[in-house]
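Undergrad: Let me give you the structure first, and then I'll get to my questions.
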Amino acid sequence: MGILKEFSDFEHERNEDLVLTSKILNNLNISFFIETRTFLGAVRDKKFIRRDRDSDLEIIRSVFFDIIEQLKEKLNKNGFLFFYSILRYYEKIIN
């Protein structure tokens with residue numbers, strides 16, 4: 001029972017974090033979408049994947065660099081850890 005409660009609490013907190021992140025991005029007029037395991041869980045299971053411990057969001061690269069400092073400031077102010085990665089694989093496909 002304890003493990004189920006812990007996961008349930010984690011899932012609830014993760015949902016609240018995703019909603020807050022969504023509000024921050026919307027307030028900055030940033031379009032985004034969920035991806036990878038977050039998307040898979042939403043579509044397949046209608047919930048987060050149990051072993052997935054983060055939420056995956058995508059922002060279009062051309063927009064991202066214009067707003068990176070504002071986004072970092074807002075997310076850090078709300079207690080989020082901010083990091084990003086650029087996937088070189090997609091660049092090769094596009095170019």
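Undergrad: Between Ile86, Ile24, which is in a helix (DSSP H, G or I) and either among the β-branched types (Val, Ile, Thr) or modelled with pLDDT under 80 (or both)? Quick ask: steps written out before the conclusion?
TA: Values: Ile86 fails: in a helix (DSSP H, G or I).
The match here is Ile24.
Undergrad: Consider region 28-52. How many of its residues are touching a residue at least 40 places away in the same chain (Cβ under 8 Å), under 26 Å from Glu73 (Cα atoms) and surrounded by fewer than 16 Cβ atoms within 10 Å (Cβ to Cβ)? Talk me through it step by step, then tell me what you get.
TA: Initial filter on region 28-52 (touching a residue at least 40 places away in the same chain (Cβ under 8 Å)): 28, 30, 50.
Narrowing the set further to residues that are under 26 Å from Glu73 (Cα atoms) leaves 28, 30.
Then drop every residue that is not surrounded by fewer than 16 Cβ atoms within 10 Å (Cβ to Cβ), which leaves 28.
Summing the residues that are touching a residue at least 40 places away in the same chain (Cβ under 8 Å), under 26 Å from Glu73 (Cα atoms) and surrounded by fewer than 16 Cβ atoms within 10 Å (Cβ to Cβ) in region 28-52 gives 1.
Undergrad: Out of the residues in region 53-79 meeting the condition of being assigned to a helix (DSSP H, G or I), more than 13 Å from the chain's Cα centre (by Cα) and in contact (Cβ under 8 Å) with a residue 40 or more places away in the chain, tell me which one is farthest from Arg14 (Cα to Cα).
TA: Restricting to residues being assigned to a helix (DSSP H, G or I), more than 13 Å from the chain's Cα centre (by Cα) and in contact (Cβ under 8 Å) with a residue 40 or more places away in the chain, the top hit is Gln70.
The values are calculated or read from the model by the stated rules, or taken from the named source; none is laboratory data. This is a predicted model, so every value here is computed, not measured. Neighbour counts run over all protein chains shown; Cβ positions are idealised from the backbone, glycine included.
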